[in-house]
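The next block holds one structure in the form of structure tokens; read it before the comments.
Nothing in this text is a laboratory measurement; each read-out follows from the coordinates by a stated rule. Predicted, not measured: the structure shown is a model, and the values here were computed from it. In this analysis, Cβ positions are derived from the backbone assuming ideal geometry, glycine residues included, and neighbour counts consider all displayed protein chains.
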């Protein structure tokens with residue numbers, strides 16, 4: 001196992017170097033030239049779009065505001081607020097900046113490296129548990145790293161921290177460690193708004209591994225056997241505490257939800273964003289969503305209920321916020337690399353190498369959306 005982990009570490013470093021080299025070449029003839037001799041210019045490759053909101057929170061923290069300052073989307077008048085972003089990721093970076101005197105770029109790059117490496121290694125461990133085959137587990141991890149759009153795990157975004165805590169929670173469930181699960185869930189719900197809903201697949205997974213999904217068997221057990229499930233209370237309790245903090249700071253208990261209006265996001269029926277598609281980016285996101293939805297339907301017999309819940313919550317939940325599910329949200333549905341790794345691990349090595357090269361080439365092509373201003377990156 002350790003040999004494979006070392007290989008994962010080397011591949012991760014090589015991929016990050018490839019991002020920098022590709023960005024330097026790609027932006028050579030653009031106004032956003034990258035100076036290879038300037039470390040901050042190089043580190044800026046990983047900072048785009050919403051990264052600046054995290055930088056603002058990490059640098060200045062939260063300030064008290066009134067509910068009407070949480071955001072506005074009224075015709076051409078758009079006002080946004082950093083309260084839309086949950087606090088754990090920028091808090092970790094901000095604390096590091098305070099303790100070390102480093103700037104945002106240095107601290108954020110350090111954590112992008114640490115979190116992505118840890119997430120890939122933890123995925124490899126979970127893949128070994130799930131697939132029960134070291135070769136398949138390694139292939140699945142390779143696909144997770146190289147798949148198009150998965151550069152998000154290396155950027156100054158929350159994807160790698162979210163995946164790390166989510167995988168840690170699944171492993172804690174598998175090993176029946178409720179105390180660890182409670183801690184991880186408490187952190188997880190402070191990373192991204194959809195994290196609270198991740199308790200659903202985790203709860204189902206707990207029953208799959210340690211109890212039963214058959215109603216008769218569920219109700220025949222002694223209530224004491226279900227005491228470990230109290231760990232799941234950590235997620236709503238932490239969110240209630242954060243809501244109280246938001247109420248104090250903004251006057252709005254659900255400020256992180258209210259602040260979505262600055263991005264013209266609001267609760268709606270999941271089909272409404274699909275009915276309003278106009279641009280090629282929106283159609284691309286729709287077909288990307290459909291592609292993974294079809295895979296889950298075709299393979300439904302191979303995918304347990306917990307993983308089906310993981311898939312469909314992450315695919316459909318963003319649609320209820322007046323947006324078509326972004327590829328970066330899909331990148332955290334880790335069951336797909338597990339499926340792809342299971343399918344391809346038995347291929348001859350030239351075919352596996354060809355697949356890896358094609359996928360990473362696709363990732364570099366989609367990386368241009370990050371370097372530019374395409375809405376895929378938001």
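Would you point out the residue of region 125-135, among those that are closer than 18 Å to residue 307 by Cα and in contact with a helix residue (DSSP H, G or I) (Cβ under 9 Å, 6 or more places away or on another chain), that is surrounded by the fewest Cβ atoms within 10 Å (Cβ to Cβ)?
Among them, the one singled out is 129.
Determine which member of the set 310, 364, 339, 319 is in a helix (DSSP H, G or I) and out of contact with any helix residue (DSSP H, G or I) (no Cβ under 6 Å at 6 or more places or on another chain).
Values: 310 fails: out of contact with any helix residue (DSSP H, G or I) (no Cβ under 6 Å at 6 or more places or on another chain); 364 fails: out of contact with any helix residue (DSSP H, G or I) (no Cβ under 6 Å at 6 or more places or on another chain); 319 fails: out of contact with any helix residue (DSSP H, G or I) (no Cβ under 6 Å at 6 or more places or on another chain).
Exactly one residue qualifies, and that residue is 339.
Only one of 355, 351 is within 30 Å of residue 26 (Cα to Cα), surrounded by 16 or more Cβ atoms within 10 Å (Cβ to Cβ) and more than 20 Å from the chain's Cα centre (by Cα). Can you tell me which? Steps first, answer last, please.
Numbers: 351 fails: surrounded by 16 or more Cβ atoms within 10 Å (Cβ to Cβ).
Within the list 355, 351, the selection yields 355.
Among the residues of region 109-166, how many are under 13 Å from the mean Cα position of the chain (by Cα) and part of a loop (DSSP other than H, G, I, E, B)?
Within region 109-166, residues that are under 13 Å from the mean Cα position of the chain (by Cα) and part of a loop (DSSP other than H, G, I, E, B) number 5.
Has region 71-90 got at least one residue that is assigned to a loop (DSSP other than H, G, I, E, B), on the phi < 0 side of the Ramachandran plot and without any contact (Cβ under 8 Å) to a residue 60 or more places away in the chain?
For region 71-90, residues assigned to a loop (DSSP other than H, G, I, E, B), on the phi < 0 side of the Ramachandran plot and without any contact (Cβ under 8 Å) to a residue 60 or more places away in the chain: present.
Which one is surrounded by the most Cβ atoms within 10 Å (Cβ to Cβ) among residues in region 269-307 that are under 24 Å from the mean Cα position of the chain (by Cα) and not in a helix (DSSP H, G or I)?
303
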